[in-house]
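Trainee: Pasting a structure below so you can have a look.
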Amino acid sequence: MKESRTETLADLYYGEKISSTDKSASSATSLIYNVNPYDSSRQFVYVEVKPVVSYLWRLEGEQKVSMFLGRSAFQYERVCGMLMRSGVVQGTQLPARTLVTPKSEDETSKVIRKLRAESRKLVVAYGDKYPVLDFATSRYAWLNAKVGDAKPRVNAGAFVTLMLDLELAEKVDRTLVMKDEHKDAKITLTMLRNQDTSKAQRRHVLDLKTALNHKDMNLTQVEEIFKKHVNVEYLNMAKWQRLDHKDLERRMSALLKKYIQIPPKRIRRQPIGSRFLGFFKRRIA
């Protein structure tokens, strides 16, 4: 599938590096990038996005993410995966994480069961039928990409399935009972929205009518377990942290200081005008 402009913006903004796949020469326009000194091997060079360009990319990225609708749910999930890698979203600093992509639903559950918050990994749930979550950063930290302005719904049956798959609870008769080692567990379910997440918009529903795969369960009791152990939070993925004027000045000053400190041996001593003059003299000759 062809990568969208939104995904490209997210990848450029949050990506750690860009290089050609065959390690051949690549180009970086000076209109967008500041070129740093060469590596000592002179085989590659680091480039930084200009602060003003970064600011404009953020503005465009915010606008495009906010325009996603329900029919673009899968594309929105991919963009959320990119944004959750690192950076600042809605004033929240997101730690750099390594993406983990299991190859089946069973493998997804197995990986999440062993996942620890300090591992700094973002597990992407396999397929579109994995219950409740699209991503996880630990056994107790779930993330669900919810696009559009519809009220987020959590399927009660899917919640029961996930609690069983992650071995946080077990079925006892018609009830869901937390396992002893998880009886005090506090789970965070973060809804990744692409719209305003102010207090007035923070609403969700535990849908008890769609628990067909667990219709024998006491769903009222399941709802009590959900309310006791799951805290639902919201994050607006269409609100990236913008650079203000002070931040722009700070980054420009840091960049200038970096260039002032370049060792003299790395700077060509021949003036630019002299190089061009020599070039034209050779052309005339």
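The numbers here are math on the coordinates, done by the rules we state, and not lab data. Only a predicted model underlies this, so the values are computations on that prediction, with no experimental measurement involved. Every residue, glycine among them, receives a Cβ derived from its backbone with ideal geometry; neighbour counts consider all protein chains shown.
Trainee: Is region 131-213 best put as rounded, prolate or oblate by its Cα gyration tensor, with a ≥ b ≥ c the root eigenvalues, rounded for a/c under 1.5, and otherwise prolate when a/b is larger than b/c, oblate when not?
Mentor: Cα axes put region 131-213 in the prolate bin.
Trainee: As a quick test, which of the pairs 103/146; 103/183; 171/227; 121/186; 110/179 have an alpha carbon distance above 21 angstrom in this structure?
Mentor: 103/146; 103/183
Trainee: Follow-up question, since we're still on this one. By count of other Cβ within 10 Å, fewest leading, how are 163, 67, 191 ordered?
Mentor: Lowest to highest Cβ neighbour count: 67, 191, 163.
Trainee: Projected area of region 88-138, taken from the Cα convex hull and averaged over every viewing direction, in nm²?
Mentor: 3.9
Trainee: Still on this structure, please answer the following. For residue 129 and residue 253, what is the calculated FRET efficiency with R₀ set at 51 Å and r taken between the beta-carbons, to the nearest 0.05?
Mentor: According to the calculation, E is roughly 0.50.
Trainee: Going through region 126-171, which trypsin sites (Lys or Arg not before Pro) have at most 15 other Cβ atoms within 10 Å and a DSSP loop state?
Mentor: 129
Trainee: Can you sort 226, 68, 74 so the residue with the fewest Cβ neighbours within 10 Å comes first?
Mentor: Fewest to most other Cβ atoms nearby, the residues stand as 74, 226, 68.
Trainee: Rounded to whole Å and sorted largest first, list the principal axis extents of the Cα atoms in region 72-236.
Mentor: Result for region 72-236: principal-axis Cα extents of 45, 35, 28 Å.
Trainee: Got a sec? Charge dipole of region 72-236, +1 on Cβ for Lys and Arg, -1 for Asp and Glu; which of 158, 213, 84 is way out at the positive end?
Mentor: 84
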